[in-house]
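Visitor: Here you go, one structure.
The values are calculated or read from the model by the stated rules, or taken from the named source; none is laboratory data. Note that the coordinates shown come from a computational prediction; the quantities given were computed from them, not determined experimentally. Please note: Cβ atoms are built from the backbone with ideal geometry, for glycine as well, and neighbour counts cover all protein chains shown. With ligands, DNA and RNA removed, areas are computed over all heavy atoms of the protein, side chains included. Shrake-Rupley method; radii C 1.70, N 1.55, O 1.52, S 1.80 Å.
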Amino acid sequence: MCGIVGYIGAREATSLLLTGLKELEYRGYDSAGIALLGRDGLRSFRAVGKLVNLVTKVGDYRSQGAVAAIGHTRWATHGKPSEENAHPHGLRHSRVVHNGIIENHAALRAMLAKKFASQTDTEVIVHLFEKHLENMPDASDPELAGLAALRATLDELHGAYAILLITESLPGKILFARKGSPLQFGITADGCHFASSDAPLVGICRETVYLEDGQWGIASADTVRLLDAQGIRVEPKTAALPASSLVAQKEGFRTFMEKEIYEQPRVLADILTGRLRDDAVTLEELPTDWLQRFSGVTLCACGTSYHAALAGSYLLERLARLPVRVEIASEFRYRDPVLDPAGLFIVISQSGETADTLEALKLAKGQGLATLALCNVDNSSIVRTADRSILLRAGIEKGVASTKAFSAQVMTLWLLALYWGTAKATLCRDRLSREVIAVRAAVGVMTPPQGIHDRIHRLSKRYLHGHGFFFIGRDLFYPLALEGALKLKEISYLHAEGYPAGEMKHGPIALADARLFTIALMARNSLYDKVRSNVEELSARDSTIVAITAEPFDLADDIIQIRPYDHPMLEFFEMLTVVQLLALEVATRLGNDVDMPRNLAKSVTVE
Ligand code: F6R
């Protein structure tokens with residue numbers, strides 16, 4: 001998804017911006033650009049596709065002396081990926097980069113009645129800005145005039161934005177604003193640096209200022225004039241940035257996704273650190289008297305995080321005997337939902353910046369509900385908005401297809417269910433003790449057993465064609481089926497669906513023939529005989545069956561044998577590794593870019 005960087009100072013700015021954009025690359029993008037305002041006046045470079053194309057466009061150009069410079073990676077929302085639609089967008093005197101969506105851009109275009117160079121919503125910002133700047137009654141103080149023109153522009157925008165703008169009347173300055181899309185800055189001895197997330201600033205700044213919604217202002221190399229929505233000057237609040245570079249290396253793996261699959265045992269071990277004492281689970285982030293207040297739970301998320309929420313609903317119901325509802329954030333926020341004010345609203349997000357999840361969180365908060373975020377990124381918008389948060393401890397996830405964040409989410413929800421169940425006394429001693437033994441064992445389960453990766457690699461060549469995949473499972477293995485199908489379709493571009501095994505006969509079984517591949521999640525500790533019957537029905541109609549199971553099953557065309565466990569969650573985590581590796585191997589054989597699949601973004605900051 002779109003990313004922003006900016007710099008004011010005397011360092012060579014093209015390489016600084018390109019390095020910053022590189023740090024944002026993993027978020028997914030389809031074009032990129034930079035603009036510089038310095039001794040040579042305004043210079044812009046834009047290119048479609050990967051950053052290497054932008055590097056070619058920049059060629060030998062290097063900034064000289066003090067500059068104000070902005071850069072952007074664009075993930076197309078309005079208008080196709082093309083050079084004209086790439087940011088920065090400009091008019092005669094100014095250039096702008098923008099994350100978010102200007103919802104009333106069509107009305108603004110009509111009102112401006114100008115010729116536009118792109119199909120983007122962003123371009124209206126620079127048109128409005130220049131119009132207001134030209135009409136400023138007293139332009140004798142360019143800084144005040146620039147600020148007034150920006151304010152007048154912001155007042156006309158509906159939607160979400162993080163904006164950086166440079167203009168010829170303000171050399172050495174960047175105008176900025178944030179509403180609904182993240183933006184931050186940091187000042188060092190050699191200048192002022194902007195970015196839409198931590199990554200480009202790590203290793204450059206020790207501290208950063210995360211802009212609050214509604215904040216805007218003007219920056220120079222060594223000072224930032226930060227204003228609130230009413231135009232009143234506010235003191236920037238600084239937060240520490242990690243000292244080491246976030247650039248994760250592949251450590252010998254072919255892709256980040258593969259490395260992240262293999263990191264899962266370590267992630268689960270990290271999650272358990274300090275949280276298990278004998279037979280007790282503790283979550284220091286949540287006082288038990290706080291949890292006891294709630295009569296039920298709403299879990300809300302998108303994509304993979306939504307699948308984790310679904311898995312969490314089975315665990316919270318079963319172990320803590322809580323009424324749970326699960327919501328897809330993008331549906332929830334426009335449904336005018338009726339919420340129980342005595343319930344706890346939990347959002348789940350890897351990035352902490354997913355626009356739909358963030359807005360759903362704000363909606364629940366606005367209705368007076370207590371809120372909790374399970375999130376992988378500290379200081380993210382979601383963490384900062386929720387009343388309380390539990391960090392997922394998965395470490396930076398670079399692969400666009402989420403793997404270790406999902407296992408971290410499910411493990412954290414399992415701990416939450418046990419902690420809450422203990423507080424509510426819904427778990428007897430024996431049950432709790434069995435659960436804690438299984439929790440500890442899950443760490444080892446996530447190390448793929450000897451030979452399984454090879455087996456999946458060999459098997460994958462038989463599953464490159466066909467007219468579709470159905471991943472089926474029941475109970476906890478239904479969310480896992482959804483997740484397996486999502487992983488496969490994201491990176492292989494093959495059609496795949498996750499379905500509750502018992503529902504196949506209510507329609508989808510009509511698709512069954514030899515070219516329909518059924519991936520059956522057959523857990524021995526969870527409704528095994530029921531799922532077996534559902535798979536037999538598909539086999540009888542000639543569907544090609546891949547069974548993932550610890551049991552012998554002679555109707556399968558292929559079996560991926562998992563180890564025999566006596567707890568469904570252990571089967572869950574081992575099967576998770578299997579479906580992740582299956583997606584990885586199929587996509588790799590098809591020659592796809594596994595870490596940056598087409599059309600996808602790591603952090604979905606638009607709705
Ligand atoms: C799939 C995937 C997405 C995200 C979804 C929510 O592999 O990564 O489906 O899970 O966009 O993102 P977060 O968890 O960052 O809110």
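Visitor: Just the number, please: Stokes-Einstein D of segment 466-548 in µm²/s, Kirkwood Rh from C-alpha pairs, 4 °C, 1.567 mPa s.
Guide: In µm²/s, the coefficient rounds to 106.
Visitor: Separate question: Please tell me which of these pairs span more than 22 angstrom C-alpha to C-alpha: 22/179; 259/602; 179/365; 179/489; 404/461; 80/179?
Guide: Those over the limit are 22/179; 179/489; 404/461; 80/179.
Visitor: Counting DSSP beta bridges with both partners in the chain, what percentage is antiparallel, nearest 5?
Guide: Among the beta bridges of the chain, antiparallel pairing accounts for roughly 60 percent.
Visitor: Accessible surface of residue 193 in the full protein assembly, 1.4 angstrom probe, to the nearest 10 Å²?
Guide: Accessible surface of residue 193 is approximately 10 Å².
Visitor: Another question, if that's okay. Can you tell me the mean projection area, over all orientations, of the convex hull of segment 258-445's alpha carbons? Units nm², please.
Guide: Taking the Cα atoms of segment 258-445, their convex hull projects to 9.7 nm² on average.
Visitor: Determine the order of 75, 420 by accessible area, beginning with the largest, at a probe radius of 1.4 Å.
Guide: So the residues, ranked largest to smallest area, are 75, 420.
Visitor: Take the alpha-carbon centre of segment 545-580, take the same for segment 394-424, and report the distance between them in whole Å.
Guide: Their Cα centres are 21 Å away from one another.
Visitor: Also, quick follow-up: Which value in nm describes the separation of the simple spin-label points at residue 115 and residue 551, placed 7 Å from the Cα toward the beta carbon?
Guide: 7.2
Visitor: Where the eigenvalues come from the Cα gyration tensor of the chain, what are the semi-axes √(5λ) of the equivalent ellipsoid, largest first, in whole Å?
Guide: Values for the chain, descending: 46, 27, 22 Å.
Visitor: Got the relative contact order for the chain handy, in percent, Cα pairs under 8 Å and 6 or more residues apart?
Guide: 12
Visitor: Could you give the DSSP H helices of the chain that reach 27 angstrom or more along their long axis (alpha carbon positions) and whose average Kyte-Doolittle hydropathy is no lower than 1.0?
Guide: Flagged H segments are 568-589.
Visitor: Right, here's the next one. Ranked from highest to lowest mean number of other Cβ atoms within 10 Å per residue, what is the order of the peptides 433-442, 540-549?
Guide: Peptide ranking by packing, descending: 540-549, 433-442.
Visitor: Additional query: Would you calculate a helix-derived [θ] at 222 nm for the chain, using -39,500 (n - 2.57) for each DSSP H run of n ≥ 4 and dividing by the full residue count, to the nearest 500?
Guide: The helix-only estimate for the chain comes to -11000 deg cm²/dmol at 222 nm.
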